[in-house]
Amino acid sequence: MKIDILTLFPGMLEGFLKESIIKRAIEKGHVQIELHNIRDYSKDPHKKVDDYGFGGGKGMVLMPQPIFDAVESLRTEDSFVILMTPQGKTYNQKMAYDLTKKKHIIIICGHYEGFDERIRTLADLEVSIGDYILTGGELASLVITDSIVRLLDGVIQEESHIQDSFHDHLLDYPVYTKPVDFRGLKVPDVLLSGHHKNIDLWRKEQQLKRTRERRPDLLEKR
Ligand code: 6GU
């Protein structure tokens, strides 16, 4: 898979690609991720990318030209273009799974007060990561990139995402490591029993209990 991210602030995203699981996924060739500065595509002599909105109102609006040129230079028949905006479809694990099927994803990060409405015509999908406002789409683009890359074949052990929270509309069961007794807080006996059938049963019960207590809305979806 290839992911191209268009942003005015590539520096905000660089560190993310250089650490941990995403770094390893890139090194192993499971994904190729490129950052593109929208300003580099500006045809303005001063590399302007935004201007005042027609009709007045607050703030600057991203102009269509640099973003159209960037998308058109990167796009192929296999490309799927995502626009990050708080007005988009609220992201979830199902959307992450669906996006793992794409060969090439282009992500456009909005910034400032807004972007010219005509930019929307480039997008196959508009995505929001939740009901709150960020200063720009950069963090949101990393959220979706991270959630997609970790699902790609070979990136993490298969078993760990079969058991993911939300895979089955259930939250994960609790896990423990050493020591068995930490300041009087003990590891449940069943986990020390070596009885795998009982352990599986306990874990499933815990998943249901946790989900009922914390996210009853997920149980309704099951
Ligand atoms: Cl995609 N962008 C911005 N600016 N704010 C958001 C968002 C995106 N998703 C949630 N809040």
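What the table shows:
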read-out: Residues of segment 94-108 that turn out to be open to solvent by 20 Å² or more (accessible area, probe 1.4 Å) and within 16 Å of the ligand (Cβ to nearest atom), as a count; value: 0
read-out: Residue in segment 161-168 that is in contact with a helix residue (DSSP H, G or I) (Cβ under 7 Å, 6 or more places away or on another chain), within 30 Å of ARG24 (Cα to Cα), part of a helix (DSSP H, G or I) and open to solvent by less than 70 Å² (accessible area, probe 1.4 Å) present; value: no
read-out: Subset of segment 109-139 that is within 18 Å of LYS2 (Cα to Cα) and out of contact with any Lys or Arg (no Cβ under 9 Å at 6 or more places or on another chain) - its residue that is farthest from the ligand (Cβ to nearest atom); value: ASP124
read-out: Qualifying residue in segment 30-42 (condition: in a loop (DSSP other than H, G, I, E, B), under 16 Å from SER141 (Cβ atoms), touching a helix residue (DSSP H, G or I) at 6+ places or on another chain (Cβ under 7 Å) and of a type in the set (A, V, I, L, M, F, W, C)); value: yes
read-out: In segment 86-114, the residues that are at pLDDT below 95 and either touching a Pro at 6+ places or on another chain (Cβ under 8 Å) or part of a loop (DSSP other than H, G, I, E, B) (or both); value: GLY110, TYR112, GLU113
read-out: Segment 140-155, subset buried (at least 17 other Cβ atoms within 10 Å of the Cβ) and more than 16 Å from the ligand (Cβ to nearest atom), residue nearest to THR211 (Cα to Cα); value: ARG150
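The values are calculated or read from the model by the stated rules, or taken from the named source; none is laboratory data. The structure displayed is predicted, hence computed values, not measured ones. As a convention, Cβ positions derive from the backbone with ideal geometry for all residues, glycine included, and neighbour counts pool all protein chains shown. Only protein heavy atoms, including side chains, enter the accessible area calculation; ligands, DNA and RNA are left aside. Shrake-Rupley method; radii C 1.70, N 1.55, O 1.52, S 1.80 Å.
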